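Below is one structure, written out as C-alpha cells; the observations come after it.
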Amino acid sequence: MTSANFDPLIHAQHRLQICAILALTDEIEFKIIREKLEVSDSVLSKHLKSLEEANYVQLTKRKEMGRQRTWLSLTVKGRVAFKAHVKALQNIVDNVSEST
C-alpha cells in the first residue's frame, strides 16, 4: 500500500501533468507531452530535468527514421512518488469534504 506523501516536486502544475500522463503508459515521446501540455521545448525540458534529477523520470534517446527522438518514462521511484502524491491530494479533498 502506498503511503500518502505530498511531494512538492511533483505538485507543480506541469510536473503533475507530466507524471499523470506517464503513469498511463510505459513510455511516451517528448513531443507528445509537449503538445498535450502546450508548452515550449525549453519549458518541458526544464520540468523534465527536475524530475530526472529526482530519479522520477528516465529519458531515452533513440534514432528513428534518421531523426533522434526522446522518449520518457516514469521510473519505479517516480511511480511510487506519484501514487503517494495522488493519495495525499485525495486525503486533502476527503478531509475538506468531511468538514463541510
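The values are calculated or read from the model by the stated rules, or taken from the named source; none is laboratory data. All figures in this text were calculated on a predicted structure; none of them were measured in a lab. Reconstructed Cβ throughout: ideal geometry from the backbone, glycine too, with neighbour counts over all protein chains shown.
Would you confirm, using the coordinates I've provided, whether S40 is out of contact with any Ser or Thr (no Cβ under 8 Å at 6 or more places or on another chain), free of Cβ contacts under 8 Å to residues at least 24 places away in the same chain, small (G, A, S) and loosely packed, with under 13 Cβ neighbours inside 10 Å? Criteria met by S40. Of all residues in the stretch 1-24, those being without any contact (Cβ under 8 Å) to a residue 12 or more places away in the chain and either under 24 Å from T70 (Cα atoms) or among the small types (G, A, S) (or both) number 2.
Within the stretch 4-25, the set of residues being more than 8 Å from the chain's Cα centre (by Cα) and over 17 Å from K36 (Cα atoms) comprises A4, N5, F6, D7, P8, L9, H11. Within the stretch 5-34, the set of residues being within 10 Å of L72 (Cβ to Cβ) and either in a helix (DSSP H, G or I) or not hydrophobic (A, V, I, L, M, F, W, C) (or both) comprises I18, I21, L22, T25, E27, E29, F30, I32, I33.
Residues that are outside any strand (DSSP E or B), within 14 Å of L16 (Cβ to Cβ) and β-branched (V, I, T) within the stretch 35-88 comprise V39, V86, listed in sequence order. For the residues K77, K46, K31, the requirement of being at pLDDT 95 or above, charged (D, E, K, R) and more than 16 Å from I10 (Cα to Cα) singles out K31.
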